[in-house]
Amino acid sequence: MHLDGYGLFVKDMGKMIRFYRDVLGFEIKETENADNVYLLKDGTLFLLYGRKDFEKLTDKRYEYLKGVNAHSEMALYVDTFEEVDKEYEHALKHGATSLMEPTTEPWGQRTCFVADPEGNIIEIGSWNKKYEAKYL
């Protein structure tokens, strides 16, 4: 098996598309009013499913958490410590909620955590190296 993508079940499709596209730089593959929206980030497929549309598709009802969803985390990488701080502030100005301010950890990574407008956790971090060399 190959990982093909990762999806979120969203309440407000327009708001979430604008956040991931305009704030985090994901590339959208169709219009904002589609039932399921495909976005790309660095060659990875990212899907937004309308909650009601998915329930209709599967003919089942689901429960959704309110507030911060601590079931998963998406990690985004930037090349420099300065970019961590910049992207953190940018995300907060555009609807994200702070979970942890940028901090340089004892293991050498600078990282922070925010929640998107529907409470999904996003980490923005850096080893102060280019992406391609981060684990070298």
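Quick look at the values:
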| item | result |
| --- | --- |
| Modelled label reach - Asp12, point 7 Å along Cα→Cβ, region 50-82 residues with backbone N closer than 14 Å | 67 |
| Residue-normalised accessible area of the chain, given per residue in Å² at a 1.4 Å probe | 65 |
| Fully extended contour minus Cα-Cα distance, from Leu57 to Ser98, at 0.36 nm per residue | 11.4 nm |
| Interchain or long-range residues, amide H under 5 Å from Val10's placed H | Tyr49, Gly50, Arg51 |
| Contour excess over end-to-end distance, with Cα ends at Lys130 and Thr80 and 0.36 nm allotted per residue | 17.2 nm |
| Sulfur and carbon atoms: percent of accessible area, the chain [1.4 Å] | 52 |
| Average projected area [Cα convex hull, the chain], square nanometres | 9.4 |
| Residues listed by number, region 112-127, amide nitrogen under 13 Å from Ala70 label point at 7 Å toward C-beta | 121 |
| Dipole of the chain [Lys/Arg +1, Asp/Glu -1 at C-beta], most positive-end residue of Gly43, Tyr77, Leu3 | Leu3 |
| Long pairs among Lys15/Lys134; Lys15/Lys60; Lys15/Lys129; Lys15/Lys66; Lys15/Lys93, criterion Cα-Cα beyond 22 Å | Lys15/Lys134; Lys15/Lys60; Lys15/Lys129 |
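The values are calculated or read from the model by the stated rules, or taken from the named source; none is laboratory data. Computed from a predicted structure; not experimentally measured. Because the Cβ atoms are built from the backbone with ideal geometry, glycine has one as well, and the counts that use them run over all protein chains shown. Note: accessible area is taken over every heavy atom of the protein model, side chains too, but ligands, DNA and RNA are not part of it. Shrake-Rupley method; radii C 1.70, N 1.55, O 1.52, S 1.80 Å.
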